[in-house]
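This report refers to the structure that appears directly beneath it.
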Amino acid sequence: MRKSLVAGNWKMNGSNGTVDQLASGIVKNQADMTCDVVLCPVFVHLDRVSGIIDGSSVELGAQNCSDKTSGAFTGEVSVEMLKESGCKYVILGHSERRTLFSEQDSDVRNKLSLALESGLMPILCVGETLEERELGNAEEVVQRQLLAALSDLDLSLESVIVAYEPVWAIGTGLTATPEQAQAIHSFIRSVLGELSEELAQKVRILYGGSVKPGNAQEIFGQPDIDGGLIGGAALNVDDFIAICQAAG
């Protein structure tokens, strides 16, 4: 049985005060959440959030990492630095990284390999744009992104978490119907099955497209959806807790 997971991607939001309030509010309500919970603040707030969640069931994640271990790479953060800050998870290949910062499948693969080697658990994001979906290419895009990141890695992939994020449903107010989300999640699991059927049954696949308290239960009720990668709603304590409760 796969345990549900909900990760809050805070993106480039938060001040010291708001981060303290948000993280503390979630920790105070941890008893009401039976799923795994991960908070992903910006790099400069990792240590702060790590201190707040220390001793709780809430885990820490980063929003990205470098594809290099060290060196003259101004502005980058390595996987070992993330681990020293208390991270257990790292988001990789988010659509905003791919579209706004031109990350390629090969970049995501290199980062994923380093994350696994270091012991971090990657949350690998895959998903299609509205144009790709309208052209009927959603499955082709998702399969390409997935296999480019995972194929031929001489590493255990059981720690990988996949997040399906339809790019057209991020920050737009649009949401894939539960049936649309389930269809792609099922497809992802079938692609994983081509690598290993055992892997396909163990890997958790999250949905990441405008999940809110009002639609969370129906989305998470689908058989191949194991939780969510939450953006905007993760910045509100009550909303995030309600989503976690729906996942549990």
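The values are calculated or read from the model by the stated rules, or taken from the named source; none is laboratory data. Quantities reported herein were computed from a predicted structural model and do not represent experimental measurements. Methodologically, a virtual Cβ is constructed for each residue, glycine included, from the backbone with ideal geometry; neighbour enumeration extends over all protein chains shown.
The table below lists the values:
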quantity: Hits in region 39-72 (condition: touching a Ser or Thr at 6+ places or on another chain (Cβ under 7 Å) and crowded, with 16+ Cβ neighbours inside 10 Å); calculated: LEU46, SER50, ILE52, LEU60, CYS65, SER66
quantity: Tally of residues being in contact with a strand residue (DSSP E or B) (Cβ under 9 Å, 6 or more places away or on another chain) and among the aliphatic types (A, V, I, L, M) across region 96-111; calculated: 1
quantity: Checklist (1) surrounded by fewer than 16 Cβ atoms within 10 Å (Cβ to Cβ); (2) on the phi < 0 side of the Ramachandran plot applied to GLY75, failing item; calculated: (2)
quantity: Meets criteria (of a type outside the set (Asp, Glu), farther than 29 Å from GLU117 by Cβ and at pLDDT 95 or above) for LEU174; calculated: no
quantity: So ARG204, is it basic (Lys, Arg) and at pLDDT 95 or above; calculated: yes
quantity: Per-region count, region 124-146, residues part of a helix (DSSP H, G or I) and either at pLDDT below 95 or farther than 22 Å from VAL90 by Cβ (or both); calculated: 10
quantity: Options LYS83, LYS68: the member that is assigned to a loop (DSSP other than H, G, I, E, B) and basic (Lys, Arg); calculated: LYS68
quantity: Residue tally, condition without any contact (Cβ under 8 Å) to a residue 60 or more places away in the chain, buried (at least 20 other Cβ atoms within 10 Å of the Cβ) and aliphatic (A, V, I, L, M), over region 78-102; calculated: 4
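A quick yes/no check of all residues on (1) touching an Asp or Glu at 6+ places or on another chain (Cβ under 7 Å); (2) over 19 Å from VAL37 (Cβ atoms); (3) hydrophobic (A, V, I, L, M, F, W, C); (4) in a helix (DSSP H, G or I):
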position: VAL162; (1), (2), (3), (4): no, no, yes, no
position: THR175; (1), (2), (3), (4): no, yes, no, no
position: GLU198; (1), (2), (3), (4): no, yes, no, yes
position: ILE219; (1), (2), (3), (4): no, no, yes, yes
position: ILE225; (1), (2), (3), (4): no, no, yes, no
position: ALA242; (1), (2), (3), (4): no, no, yes, yes
position: ALA246; (1), (2), (3), (4): no, no, yes, yes
